[in-house]
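Structure first, commentary second.
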Amino acid sequence: MNGNNRTDIYPGLEVDIILKKDQRTGKRTRGIVEALLTSAPYHSRGIKVRLEDGAIGRVIEIIGDPE
């Protein structure tokens, strides 16, 4: 599932994001969502989130609930 809709993303969800510095290479970073930073209900390049480790980027793929 992609990360374009805010309603699909919530704290505690495991996701792959692309950091700003990795946009050219497409390198993904996996982590658990701590906070949603995009307030719009939809974003064409992915909802921006902060992961529990402090990384900030746009959600490329939703992996699932880690439980």
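The values are calculated or read from the model by the stated rules, or taken from the named source; none is laboratory data. Note that the structure is a prediction, hence the values are computed from the model and not measured. Using ideal geometry, Cβ is built from the backbone for each residue, glycine included, and neighbour counts are taken over all protein chains shown.
Against the test of being charged (D, E, K, R) and in contact (Cβ under 8 Å) with a residue 60 or more places away in the chain, the options E52, E61, E14 yield a single qualifying residue, E61. Filtering region 1-41 to residues that are in contact with a helix residue (DSSP H, G or I) (Cβ under 8 Å, 6 or more places away or on another chain), among the hydrophobic types (A, V, I, L, M, F, W, C) and surrounded by 14 or more Cβ atoms within 10 Å (Cβ to Cβ) leaves only L36.
Every residue, every condition in (1) assigned to a loop (DSSP other than H, G, I, E, B); (2) modelled with pLDDT under 95, yes or no:
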{"position": "N2", "(1), (2)": "yes, yes"}
{"position": "A35", "(1), (2)": "no, no"}
{"position": "D53", "(1), (2)": "yes, no"}
{"position": "G57", "(1), (2)": "no, no"}
{"position": "E67", "(1), (2)": "yes, yes"}
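Restricting the search to region 20-43, which residues are among the charged types (D, E, K, R) and over 13 Å from I60 (Cα atoms)?
Answer for region 20-43, where residues must be among the charged types (D, E, K, R) and over 13 Å from I60 (Cα atoms): K21, R24, E34.
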